[in-house]
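Take a look at the structure set out below.
The values are calculated or read from the model by the stated rules, or taken from the named source; none is laboratory data. None of these values were measured; they are calculated from a predicted model. Please note: Cβ atoms are built from the backbone with ideal geometry, for glycine as well, and neighbour counts cover all protein chains shown. Ligands, DNA and RNA are excluded from the accessible area calculation, which covers all protein heavy atoms including side chains. Shrake-Rupley method; radii C 1.70, N 1.55, O 1.52, S 1.80 Å.
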Amino acid sequence: MTSNAQDIRTLNSRIDAMREDMVSSMSKMVSIKAISPLSGGTGEAKRADFLEQKLNSFGVKVKRYDYKDESGAIRSNLIAILGSKDRTLWIVAHMDTVAEGDIALWVHDPFKAHVGGGKIFGRGTNDNGEALIGAMFAIKALADSGIDPKYNYGLVLVADEELGSKFGIQKLIKEGLFNKTDMFLVPDSNTKSGRDIEIAEKSILWLKITVNGKQVHASTPEKGVNAQRYSSLLMVDLDELLHKKYNARSDMFDPGASTFEMTKHEKNVDSINIVPGKDVFYMDSRILPMYKTKDIIKDIKKLVSSPKYKQVKVKLEPIQQEDAPPPTDKNAEVFVAISDSIRKQLNVEPKAVGIGGGTCAAYFRREGWPAVVWGIGEDVAHQPNEFAYINDIVKCAKVFAAMFIQE
Ligand SMILES: [Zn+2]
């Protein structure tokens, strides 16, 4: 047996022995709410107190970063580091959860963990508790075994992920805690088998489109300009133009094409006999990263200034416009490391994928750092009766730990 295989066996048996401790730590964590004040909570400070204490008991270096938000609540972030190498592989999990939603839909108290059938139920067990607990016990297993890790194991437990990361990872990046050569794993998106590794995301463009015509009585439409007629024509034209011109496909994404959907439509006139002088609709677009959102806006501007629309004035307002950062390279060391670990620990052939965006990884990619998103489990985030399989928590810990073993 190679020393690598020997080390992995040692780590795995240590992690298996921690199963009960993982379940009780998760249970304790679930009982300490960590909901944003914007969703009616009090923030992450109390949960961070517990996790900080736990990490200290593991004998790793822990630092805490507390920030006060607009409501005056303390938003806490924790960092633990094992090793004294130049380079750090950071595993970034979030402590905060969404609220319980409709309490009537829960079988058990969402803030009192219920264990049964190999599962642990409660708000935040899946998103992001499973990976958080797995990552904590992976660092413990490495610390206890005395194995010299290939890179430093940096564990980051952040606040405020669910509502924009303003008091979480965005603050920590500004603190300058991370080095140029560091790498990032964000375990915040699951597949059942643990096959998919997310390395790319789509750009996002939300447009508000206001069509201004002239309001008149519906019996004499020739005296006015029906804004709704032109907004309807425009919806059809946009649908055709954008799907035709931005028609590239990528196997990495699901769906594999850019999407352009007309969504919200604002109420216009109150009466059936009035020709609306103003009509407002919205479009949600998720665009493959090879295209630029500003080019799409340019094309729409060109369309609405064509003779067909000369009777109306069309105003375009981007509500959200976020160009996707460049994808993480499949040759990046963090991608290779997690792929190897998935093969060894799960016996699964990993696949690089892209998603719609929306995890801490986007902030790292934007700074030019290699970042991957990975997880194993059910897709029950934010749902009533949210749960994690205990086996998946153990698997998370094993996949994380093996990334730090020398070849
Ligand atoms: Zn999450």
Given (1) among the hydrophobic types (A, V, I, L, M, F, W, C); (2) free of Cβ contacts under 8 Å to residues at least 24 places away in the same chain; (3) touching a His at 6+ places or on another chain (Cβ under 8 Å), where does Cys360 come up short, assuming only one miss? (2)
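More than 16 Å from the ligand (Cβ to nearest atom) and in the same structural domain as Ala362 (by TED's automatic domain parsing): does that describe Leu242?
no
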When residues of segment 263-306 are filtered for being among the charged types (D, E, K, R), assigned to a loop (DSSP other than H, G, I, E, B) and either open to solvent by 80 Å² or more (accessible area, probe 1.4 Å) or out of contact with any Phe, Trp or Tyr (no Cβ under 8 Å at 6 or more places or on another chain) (or both), how many remain? 3
Do you know which of the residues in segment 3-53 that are assigned to a helix (DSSP H, G or I) and acidic (Asp, Glu) is most open to solvent (accessible area, probe 1.4 Å)? Glu20
State yes or no: is Met252 open to solvent by less than 60 Å² (accessible area, probe 1.4 Å) and at pLDDT 95 or above? no
Would you confirm whether or not segment 73-84 contains a residue that is at pLDDT below 95 and within 16 Å of the ligand (Cβ to nearest atom)? no
Looking at (1) of a type in the set (A, V, I, L, M, F, W, C); (2) closer than 19 Å to Val115 by Cα; (3) in contact with a Gly (Cβ under 6 Å, 6 or more places away or on another chain), which one does Leu346 not meet, given that it meets all the others? (2)
